[in-house]
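The block underneath contains the structure these notes are about, expressed in structure tokens.
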DNA sequence: CCTATATAGATGCATTTGCATGTATATTTA
DNA sequence: TAAATATACATGCAAATGCATCTATATAGG
């Protein structure tokens, strides 16, 4: 669990959660599932691809002309290597991105968004943005939103994005 | 979107979210994914089946000897009809539950947890419970936990469980 | 009572996902 | 610099999921 650097004996009492903690966990699941399925449904209803496409396109658009390597997408999007590989393949097939051989690294490809891809991302935002507002913004006051943001931050380890 | 009962013209300005709202949404996703994968991993590491099995067994254990119909599980667990059908089938195969023909309804089966199933649920709890504590309880003070619980409640519609 | 419709649950088929492994190139080490 | 190891990405295969549809029984309407 961790590296012991001294002679102390560490004992972990990993105890059971309180009812409040369990309920919070259950509500985290519900809030996520409900919001997520509402958003995916809205995209699907408008004949758009799933959210994962948006995420990838946004990441690529931010990266600009230089594009990104697949392993960079992997880390940015917290996806498995094979998920990135296949998602890139599918999005490329629809010409929303292009894959070029990397000059520095013969193993790798550089992934670059196309104009068509930028356009798709923007059109998806017209659905996605207002839906985020509907499932989060409209249900909380600005102070509550800030508070929720902060509390969720406590649950997340590492880069707090 | 809703039933208009008068002659008024309703205009919806469904606007775009603030940066804070978007960040809250992103953190909801991260908090969920991170916590969930940590918990699923812990179960899998201990050679236990996935969380969905626990949820179903818990629901069945609460229902007692009378058991539950599949459509009741469907609603309780917010699963699709075919998901319940297949999950029940898999859990039955390992004898953690049994299916009996319903007396009142020739179409249906009654799903009842077995002793073996109760035992499994309890053993899973020894992993699951402390993990909930680790991913939620340990990262928040009791007041923060109560606050998070309440804010997530705002995001959830319908039965606030 | 007979017909039409609704509900409970199962399942075939296509798509997606996860795991393990494969191929190719890069880096390290001896 | 040759061999061993690590990294980047692709992919075969099995399991899981989603959708549509099927069967069987129940209920409603004439």
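The values are calculated or read from the model by the stated rules, or taken from the named source; none is laboratory data. Given the structure is predicted, the values throughout are model-derived calculations rather than measurements. Note: ideal-geometry Cβ built from the backbone for every residue, glycine included; neighbour counts use all protein chains shown.
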Qualifying residues in the range B:147-159 (those that are over 16 Å from the mean Cα position of the chain (by Cα) and buried (at least 16 other Cβ atoms within 10 Å of the Cβ)) - the one farthest from residue B:35 (Cα to Cα): B:154
Yes/no for residue A:146 being at pLDDT 95 or above, part of a helix (DSSP H, G or I) and under 23 Å from residue B:139 (Cβ atoms): yes
Top-ranked residue of the range B:88-101 - restricted to ones that are within 12 Å of DNA strand D (Cβ to nearest atom), assigned to a helix (DSSP H, G or I) and surrounded by fewer than 18 Cβ atoms within 10 Å (Cβ to Cβ), ranked as farthest from the other protein chains (Cβ to nearest Cβ): B:93
Pick from the range A:43-53, criterion part of a helix (DSSP H, G or I) and within 12 Å of DNA strand C (Cβ to nearest atom), ranking: nearest to residue A:101 (Cα to Cα): A:53
Every residue from the range B:119-133 that is within 7 Å of another protein chain (Cβ to nearest Cβ) and either in contact (Cβ under 8 Å) with a residue 40 or more places away in the chain or more than 16 Å from residue A:15 (Cβ to Cβ) (or both): B:132
Some residue of the range A:125-141 being out of contact with any helix residue (DSSP H, G or I) (no Cβ under 8 Å at 6 or more places or on another chain) and modelled with pLDDT under 95: no
The range B:54-70: number of residues that are more than 14 Å from chain A (Cβ to nearest Cβ), within 14 Å of DNA strand D (Cβ to nearest atom) and assigned to a helix (DSSP H, G or I): 2
Selected residue (only one of B:139, B:116 is without any contact (Cβ under 8 Å) to a residue 60 or more places away in the chain, more than 16 Å from DNA strand C (Cβ to nearest atom) and under 24 Å from residue A:20 (Cβ atoms)): B:139
Conditions (1) more than 12 Å from DNA strand C (Cβ to nearest atom); (2) in a helix (DSSP H, G or I); (3) surrounded by 13 or more Cβ atoms within 10 Å (Cβ to Cβ); number of the one not met by residue A:85: (1)
Given (1) within 14 Å of chain B (Cβ to nearest Cβ); (2) in contact with a strand residue (DSSP E or B) (Cβ under 9 Å, 6 or more places away or on another chain); (3) within 12 Å of DNA strand C (Cβ to nearest atom), index of the condition residue A:76 fails: (3)
Residues (touching a strand residue (DSSP E or B) at 6+ places or on another chain (Cβ under 6 Å) and within 16 Å of DNA strand D (Cβ to nearest atom)) located in the range B:102-124: B:102, B:108, B:109, B:110
Pairs, first closer than 15 Å to residue B:59 by Cα in the range B:74-86, second at pLDDT 95 or above and more than 9 Å from DNA strand C (Cβ to nearest atom), C-beta under 6 Å, six or more apart: B:76/B:59; B:77/B:55
